[in-house]
Amino acid sequence: MRIAIAGGGRLATSLLPPLLASSHQVIAILQDGRNISKRARSLCTLPLFQSSLAVWARHLDIPLLWLRTLCESELTPLRKLSPDVILVSGFSLIFKKELLQLPRIACINMHSSLLPRHRGPNPFSAVIMAKETQSGITFHVMDEGIDTGPILQQVAFPLSQQDHLFDVYQKACITAARHVVSVMDAIDQKGIKEAYPQDEECATYDPRLSPTDVCIDWRHPASQIERLIRATQNPAPYFLFRKQTVYIQHATYTPVPADIEPGKILQVKPYIIISTGKGCLHIHSARIHHPIHRSWPCFWASPHVGEQLPLSLGETLHEQ
C-alpha cells in the first residue's frame, strides 16, 4: 500500500522503520505546520532532531508536507500522491472531513491507550494516575471525533507500580513498531470491514494537565503525590519554597503516617523528606529555575529541618 504518515515525536517515528522494511511504500510525511515559521521548519530537518519524522523525510527523500489549515491548496500535493492510507500518531492537528476522505481506504490512527479508555492527548499520565496494571495501543479508523472511530486491533502491555511517564511511552513505541506492519498487511488484504465500534459507555477522555493540576498539595497522601511525579514531567509537579518554585523530577515515599503536620521538612540529608497527609515523600531529584536552572537544594535555597512549606498553591508560609 501507499502510506502517508502524520505525526510527531518518537511514537510516530517508531512506525516508520518497520514500514520501510516492509512491502508497503511510505509516500509522504505530514507535519503540523501551525505556529512554525519556514525557518523553523528547515531547522526541524537537522540531524539533532533524531526523533523527528521531518529528519527521516529529508534523509530518505520522502515528500515532506506541512499542514496548517487543511485547505485545498495544502491537500492538493497530498492528493496527487494518491495515498491508500494515512497513518496517524501523535498528530495535534484535528483532521477535517476533506482529509479523512482523501486516502483510498481510510485514515488510521495509532492511539497509545486501550480505547475507548483514555481518549485524548494525555493517556500516558492518565494510566499511571488511575493505578492501572496495563495499558496498550489501539489502531482504529479515524472519524470526525477524537479517538472515537472503529477499532482494528489492540495490543496490551503490562504496567508496574514503578513505571514513569517515559516508561509507558517507551513501551507504547516498542509495541507500535512491532505491530504496525501486520495491521497494514491486514488492511491491504481485507480493508477495514472487520473494524468494530467502540463501547461509548466505557469511554473516558483525558485532557492535558494544567500547571494548577500538578501543584503539590502536601495534605494529600504521599503515595498520590509520588504517583503524580511519575505521571507528569511537562509541566513537572512543583511546590513553593520561600516563594520559589521547586520542580520535582524523582521521588519515593513511605506510607507510614508521620503524625506531624503536612508540609514539614523532616530531613535534609542525604535527601529531603517532607511529611504529607499520609506518609512521607522522599525527594531524590528536584530543580529550581530562578535565578538560574539548578538542582535543589542549593547554597542559596537550602532548607532546614522543621521548616514548614505552604500546603498548596496560593498558601503563604506558616509562622515558624
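Structure notes:
- Residues (of a type outside the set (Val, Ile, Thr), within 18 Å of the chain's Cα centre (by Cα) and open to solvent by less than 40 Å² (accessible area, probe 1.4 Å)) located in region 206-234: ASP206, ARG227, LEU228, ARG230, ALA231
- Taken over region 12-36, the criterion of being assigned to a helix (DSSP H, G or I) and surrounded by 22 or more Cβ atoms within 10 Å (Cβ to Cβ) is satisfied by ALA12, THR13, LEU16.
- Filtered residues of region 193-205 (kept if open to solvent by 80 Å² or more (accessible area, probe 1.4 Å) and farther than 30 Å from PRO237 by Cβ): LYS193, GLU194, TYR196, PRO197, GLU200, GLU201
- Some residue of region 256-271 being more than 22 Å from THR212 (Cβ to Cβ), under 27 Å from the mean Cα position of the chain (by Cα) and of a type outside the set (Lys, Arg): no
- Qualifying residues in region 249-280 (those that are out of contact with any His (no Cβ under 9 Å at 6 or more places or on another chain) and outside any loop (DSSP other than H, G, I, E, B)) - the one most open to solvent (accessible area, probe 1.4 Å): LEU266
- Filter pass, SER51 being under 17 Å from LEU19 (Cβ atoms), of a type in the set (S, T, N, Q), at pLDDT below 95 and not in a helix (DSSP H, G or I): yes
- Selected residue (criterion: surrounded by the fewest Cβ atoms within 10 Å (Cβ to Cβ)) from residues of region 145-181 that are among the charged types (D, E, K, R) and more than 18 Å from PHE91 (Cα to Cα): ARG178
- Some residue of region 128-137 being in a strand (DSSP E or B), among the aliphatic types (A, V, I, L, M) and under 21 Å from the mean Cα position of the chain (by Cα): yes
- Of all residues assigned to region 298-306, none qualifies as being hydrophobic (A, V, I, L, M, F, W, C), at pLDDT 95 or above and outside any loop (DSSP other than H, G, I, E, B).
- In region 211-235, residue nearest to PRO255 (Cα to Cα) [restricted to those that are out of contact with any strand residue (DSSP E or B) (no Cβ under 7 Å at 6 or more places or on another chain) and without any contact (Cβ under 8 Å) to a residue 40 or more places away in the chain]: GLN224
- One residue from SER223, SER285 being over 17 Å from LEU313 (Cβ atoms), in a helix (DSSP H, G or I) and not charged (D, E, K, R): SER223
- Leading residue by the ranking (farthest from the chain's Cα centre (by Cα)) among those in region 14-39 that are among the polar types (S, T, N, Q) and at pLDDT 95 or above: SER23
- Members of region 61-117 that are open to solvent by less than 40 Å² (accessible area, probe 1.4 Å), among the small types (Gly, Ala, Ser) and either free of Cβ contacts under 8 Å to residues at least 60 places away in the same chain or assigned to a loop (DSSP other than H, G, I, E, B) (or both): SER112, SER113
- Those residues of region 131-144 which are of a type outside the set (D, E, K, R) and surrounded by fewer than 16 Cβ atoms within 10 Å (Cβ to Cβ), in sequence order: THR133, GLN134
The values are calculated or read from the model by the stated rules, or taken from the named source; none is laboratory data. Just so it is clear, the model here is predicted, and its values are computed rather than measured. Neighbour counts are summed over all protein chains in view; Cβ atoms, including those assigned to glycine, are modelled from backbone coordinates with ideal geometry. Side chains are part of the model used for accessible areas, which takes the heavy atoms of the whole protein and leaves out ligands, DNA and RNA. Shrake-Rupley method; radii C 1.70, N 1.55, O 1.52, S 1.80 Å.
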